[in-house]
Amino acid sequence: MDETTWKAVHECSLEAGCAATREGLLEAFMAGAERLVRCDAGVGVFDRELRCVACSGWGERTSRDYNQYYRGVVPFIGYDEDRYARRGRDVVRWVDYGETEFMRDFGRSLDLAYGLSPFRPALPLNLSVQRSRRGPAFGADDCEALDALNAQMNNLLAVAERLGRAEYSPWSADRVRDALPALSRREAQLLALCAEPLSMAQVASALAISRRTAETHMARVFEKLGVRSRRGALDALRRRARA
């Protein structure tokens with residue numbers, strides 16, 4: 001890696017290290033990836049199940065559709081028996097895949113032509129960047145830069161976890177109830193899952209209840225918190241947790 005690239009990675013890490021929340025850290029690294037590898041069709045952070053934890057350049061509907069429908073049909077990823085992603089190619093030429101379901105229903109709307117997804121199973125989270133036909137395919141230098149950003153991102157998250165920084169911890173039902181004791185156990189479980197990039201159908205599936213039952217619990221959460229939306233409920237949760 002040349003000195004200029006390393007300095008850019010270092011500056012991104014310093015900026016991200018000042019973030020007050022996990023979301024802020026991820027946003028800083030996505031911005032760093034956009035600067036370093038020049039992606040014009042989106043950048044995202046994906047977990048081991050290939051859910052998009054944070055995405056830039058994708059609309060809310062696109063992110064939801066990817067998480068709900070399409071991560072299971074991406075053609076270049078290998079999965080184990082538990083549906084965890086275990087391997088993938090670094091540079092993906094979407095232009096070579098033709099009329100796959102993924103490209104027809106998802107990729108073409110973003111004009112995807114090239115993807116750089118250096119998936120490393122040892123890392124909990126992985127940055128992935130995409131280019132349209134307006135740019136060249138990604139090269140080895142791009143992959144090296146993104147690998148360095150991935151390593152720094154996961155290192156900072158691991159340090160935050162060891163330091164016990166609550167702002168970086170995933171929401172659990174216990175954390176939700178500590179902040180919002182008026183909620184029932186089931187309501188707290190549901191709100192904790194709603195903090196993840198999951199559809200209501202996926203939340204209901206995780207709790208082994210019907211979607212209608214999940215929506216009923218969510219309506220009670222809205223009523224107790226005096227809000228009208230899922231975003232409003234999560235904002236209320238974060239405010240109470242910081243109080």
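No lab work stands behind these numbers, since they all come straight from the coordinates. Just so it is clear, the model here is predicted, and its values are computed rather than measured. Here the Cβ is made from the backbone with ideal geometry for all residues, glycine too, and neighbour counts use every protein chain on show.
Overview of results
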quantity: Residues in segment 109-142 that a label on ASP2 would reach, taking backbone N under 13 Å of a point 7 Å out along Cα→Cβ; calculated: 141-142
quantity: Among 153-162, 222-231, the order from most to least packed when residues are scored by Cβ within 10 Å on average; calculated: 153-162, 222-231
quantity: Summed residue charge, Cβ within 15 Å of VAL45's Cβ, Lys/Arg positive, Asp/Glu negative; calculated: -2
quantity: Relative contact order of the chain, pairs being alpha-carbon contacts under 8 Å that are 6 or more residues apart, as %; calculated: 18 percent
quantity: Degrees between helix 230-242 axis and first principal axis of the chain (Cα, 0 to 90, nearest 10); calculated: 80 degrees
quantity: Cα extents of segment 116-243 along the three principal axes, largest first (Å); calculated: 53, 37, 25
quantity: Alpha carbon convex hull of segment 95-138, projected area averaged over orientations, nm²; calculated: 3.7 nm²
quantity: Span per principal axis, largest first, for the Cα atoms of segment 170-242 (Å); calculated: 31, 23, 21
quantity: Relative contact order (%) - criterion: Cα under 8 Å, at least six apart; region: segment 45-189; calculated: 17 percent
quantity: Neighbourhood net charge (15 Å Cβ-Cβ; Lys/Arg +1, Asp/Glu -1) for LEU156; calculated: -3
quantity: Span from the segment 95-170 Cα centroid across to the segment 21-72 one, whole angstrom; calculated: 7 Å
quantity: Cα pair distances in segment 3-162, grouped into 5 Å bins until the bin that holds the longest one, percent each; calculated: 1, 9, 19, 23, 22, 15, 8, 3, 1, 0
quantity: For the chain, calculated [θ]222 nm from helices alone, where every DSSP H run of n ≥ 4 adds -39500 (n - 2.57); calculated: -14500 deg cm²/dmol
quantity: Residue-count net charge about ASP105 - beta-carbon cut-off 11 Å; Lys, Arg +1, Asp, Glu -1; calculated: -1
